[in-house]
Amino acid sequence: ADPTKQFDFSYGKTIQSVQLSLKRMRCDYIDVLQLHDPEFAPTLDVLLNETIPAMIECREKGWCRALGLTGYPLEVQHQILEGA
């Protein structure tokens, strides 16, 4: 299967995923909200213009305490951090 089609990094899906996770875990907030496997996003622009702003909104609403970035290759992480 094509991993780029298995992940949805859109703004709406990111918000929805956090809300569903909070509901399933029956908690008020997530300690660390991670952007995982960013190399599978369709483009860097999607991450910078949709995923990361949604994550920031989640933190501002108190749904998470901290934001993180995980995955390989490290060059992808470097591009994200430079663009954010």
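The values are calculated or read from the model by the stated rules, or taken from the named source; none is laboratory data. Quick caveat: nothing in here was measured; it's all calculated off a predicted structure. In this analysis, Cβ positions are derived from the backbone assuming ideal geometry, glycine residues included, and neighbour counts consider all displayed protein chains. Only protein heavy atoms, including side chains, enter the accessible area calculation; ligands, DNA and RNA are left aside. Shrake-Rupley method; radii C 1.70, N 1.55, O 1.52, S 1.80 Å.
Data overview
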item	result
In order through segment 38-49: 3J(HN,Hα) via Karplus (6.51 cos²θ - 1.76 cosθ + 1.60), integer Hz, x for Gly, Pro	x, 5, 8, 5, x, 8, 5, 4, 4, 5, 6, 9
Solvent-accessible ranking of Lys23, Lys61, largest area first, probe 1.4 Å	Lys23, Lys61
Debye, to nearest 20: dipole size of segment 14-78, +1 on Lys, Arg Cβ, -1 on Asp, Glu Cβ	440 debye
Accessible-area composition of the chain, carbon plus sulfur, in percent [1.4 Å probe]	52 percent
Computed label-point distance, nm, for sites Val32 and Ser10 using a 7 Å Cα→Cβ extension	2.9 nm
Heavy-atom accessible area order for Ser17, Ser10, largest first, 1.4 Å probe	Ser17, Ser10
Highest-MSF residue in the chain out of Pro73, Pro38, Pro53 [GNM, Cα springs under 10 Å]	Pro73
Acute angle (nearest 10 degrees) that the helix 11-25 long axis makes with the longest principal axis of the chain, alpha-carbon atoms	40 degrees
Residue-level accessible surface for Glu60, protein heavy atoms, 1.4 Å, Å²	150 Å²
Contact order normalised by residue count of the chain, Cα under 8 Å, 6+ apart, percent	37 percent
Residues of the chain: accessible area per residue with a 1.4 Å probe, Å²	66 Å²
The chain: C-alpha gyration tensor shape, a/c 1.5 cut-off, then a/b vs b/c	prolate
Degrees, to the nearest 10: 74-83 long Cα axis against longest axis of the chain	70 degrees
